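A.B. asks: Quick one: the structure is below, questions incoming.
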Amino acid sequence: QSMMVEQERENDVLKQKLYSSQNEVDALRQSLQSANTKANQYGELAVNNDKMLTKQQDEIKHFEKQLKKIRREYKLKMKTLKKNNQTYKKEYKNAQQQRL
């Protein structure tokens with residue numbers, strides 16, 4: 001009978017260890033799930049950041065093209081203005097000479 005009591009005590013100790021181990025496994029499982037959730041969230045953030053970066057790069061290219069176009073138009077207009085200014089100077093000189 002003392003062997004049975006001792007056996008029951010051992011069984012109780014083993015049950016406690018089993019429950020403790022199961023609790024640890026459950027805690028680790030929850031921790032892993034939490035880590036996976038965070039990893040997925042960071043992955044989504046990375047994808048969204050890549051999309052936003054690509055969009056911003058496309059916008060920069062678009063603005064650079066517009067800037068080049070504006071610079072070309074500006075140079076052309078300045079060239080035209082200089083040409084017109086020279087023409088007006090010549091006409092003014094001619095008009096002054098004709099008065100004399």
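The values are calculated or read from the model by the stated rules, or taken from the named source; none is laboratory data. These numbers come from a predicted model, not from an experiment. Quick note on the areas: whole protein, heavy atoms, side chains included, nothing else; ligands and nucleic acids left out. Shrake-Rupley method; radii C 1.70, N 1.55, O 1.52, S 1.80 Å.
A.B. asks: Give me a comma-separated list of calculated 3J(HN,Hα) values for the stretch 34-51, in order, Karplus coefficients 6.51, -1.76, 1.60 applied at θ = phi - 60°, integers in Hz, x for any Gly or Pro.
C.D. replies: For the stretch 34-51, the Karplus curve yields 4, 5, 5, 4, 4, 4, 5, 5, 5, x, 5, 4, 4, 4, 4, 5, 4, 4 Hz.
A.B. asks: Rounded to the nearest angstrom and ordered from largest down, what semi-axes does the equivalent ellipsoid of the stretch 20-64 get from its C-alpha gyration tensor (root of 5λ)?
C.D. replies: After scaling each eigenvalue by five and taking roots: 43, 4, 4 Å.
A.B. asks: On to the next question. Leaving out ligands and nucleic acids, note down the accessible area per residue over the chain with a 1.4 angstrom probe, in whole Å².
C.D. replies: Dividing the accessible area of the chain by its residue count gives 105 Å².
A.B. asks: With n ≥ 4 as the cut-off for DSSP H runs, can you work out [θ] at 222 nm for the chain, using -39500 (n - 2.57) per run divided by the number of residues, rounded to the nearest 500?
C.D. replies: The helix contribution divided over the chain gives -37500 deg cm²/dmol.
A.B. asks: Just for the Cα atoms in the chain, what are the lengths along the principal axes, largest first, rounded to whole Å?
C.D. replies: Over the chain, Cα extents along the principal axes are 146, 15, 8 Å.
A.B. asks: Within the P(r) computed for the stretch 1-42, what percentage of the Cα pairs occupies the region above 15 Å?
C.D. replies: Taking all Cα-Cα pairs of the stretch 1-42, the fraction more than 15 Å apart is 61 percent.
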